[in-house]
Amino acid sequence: MICPTDTVYGFLADATNKKAVSKIFSIKKRPKSKPLSLFVKDIAMAKELALINEKQTSVLKKFWPGKHTYIFKRILYDVGRRSPQKIYGVGKDTVAVRIPNHEFLNKLLKKIDVPLAQTSVNISGKHPLDKIDDIIKQFGKANILIINGGDIRNGKASKVIDATKDTINILRP
């Protein structure tokens with residue numbers, strides 16, 4: 001699915017569906033070595049997938065929902081009802097997560113109760129597309145649902161923060 005977000009238009013897929021996630025990589029011409037990030041419905045869902053301590057939780061509560069994607073060490077074992085091993089498109093040892101500040105996406109995430117693999121709408125290495133006509137022209141024949149939210153003005157990809165170490169490192173401002 002292609003959908004507007006609180007940042008830019010995004011490709012979205014059920015992160016537990018290997019075939020759907022693979023389709024994002026294929027359509028985008030993105031190397032599988034470049035992991036996708038995940039939209040999650042809440043901090044509890046993020047904690048089922050990532051090692052997040054209490055100090056980090058306090059920071060997340062200040063910036064989520066919002067335009068900050070955090071990279072954490074990935075949980076590689078079952079910690080509850082969700083199996084982190086069955087999440088596709090993410091890093092082998094890390095996972096990037098974000099709660100978007102977008103009403104439709106937040107309702108969708110609560111309804112489906114699974115993380116969504118996500119990335120900007122573009123061919124890998126190119127600028128994200130922000131005009132719906134350009135998106136339809138480039139990806140309209142890709143057999144993918146496109147939600148028309150109109151053009152996005154002044155869209156900017158989320159800030160990406162590496163929180164895998166003791167010190168935080170901003171990878172994309």
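At a glance:
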{"quantity": "Neighbours by Cβ (under 6 Å, 6+ apart or cross-chain): first from the stretch 1-30, over 17 Å from Ile136 (Cα atoms); second in a helix (DSSP H, G or I) and of a type in the set (Lys, Arg)", "calculated": "Thr16/Lys86"}
{"quantity": "Matching strands (runs of 3 or more DSSP E) fully within the stretch 97-173 where at least 2 residues are charged (D, E, K, R)", "calculated": "159-162"}
{"quantity": "Residues located in the stretch 22-46, provided they are more than 20 Å from Tyr70 (Cα to Cα) and assigned to a helix (DSSP H, G or I)", "calculated": "Ser22, Lys23, Ile24, Phe25, Ser26, Ile27, Lys28"}
{"quantity": "In the stretch 116-145, the residues that are modelled with pLDDT under 95 and among the acidic types (Asp, Glu)", "calculated": "Asp130"}
{"quantity": "The listed residue being farther than 16 Å from Asp162 by Cα and either in a helix (DSSP H, G or I) or in contact (Cβ under 8 Å) with a residue 12 or more places away in the chain (or both), out of Tyr70, Tyr77, Tyr88", "calculated": "Tyr88"}
{"quantity": "Filtered residues of the stretch 150-173 (kept if farther than 13 Å from Lys73 by Cα, more than 17 Å from the chain's Cα centre (by Cα) and among the hydroxyl-bearing types (Ser, Thr, Tyr))", "calculated": "Thr167"}
{"quantity": "Extreme residue, surrounded by the most Cβ atoms within 10 Å (Cβ to Cβ), among residues of the stretch 76-99 that are at pLDDT below 90 and of a type in the set (A, V, I, L, M, F, W, C)", "calculated": "Val79"}
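The values are calculated or read from the model by the stated rules, or taken from the named source; none is laboratory data. Being a predicted model, the structure only gives us computed values, none of them experimental. Note that we place each Cβ from the backbone using ideal geometry, even for glycine, and neighbour counts take in every protein chain shown.
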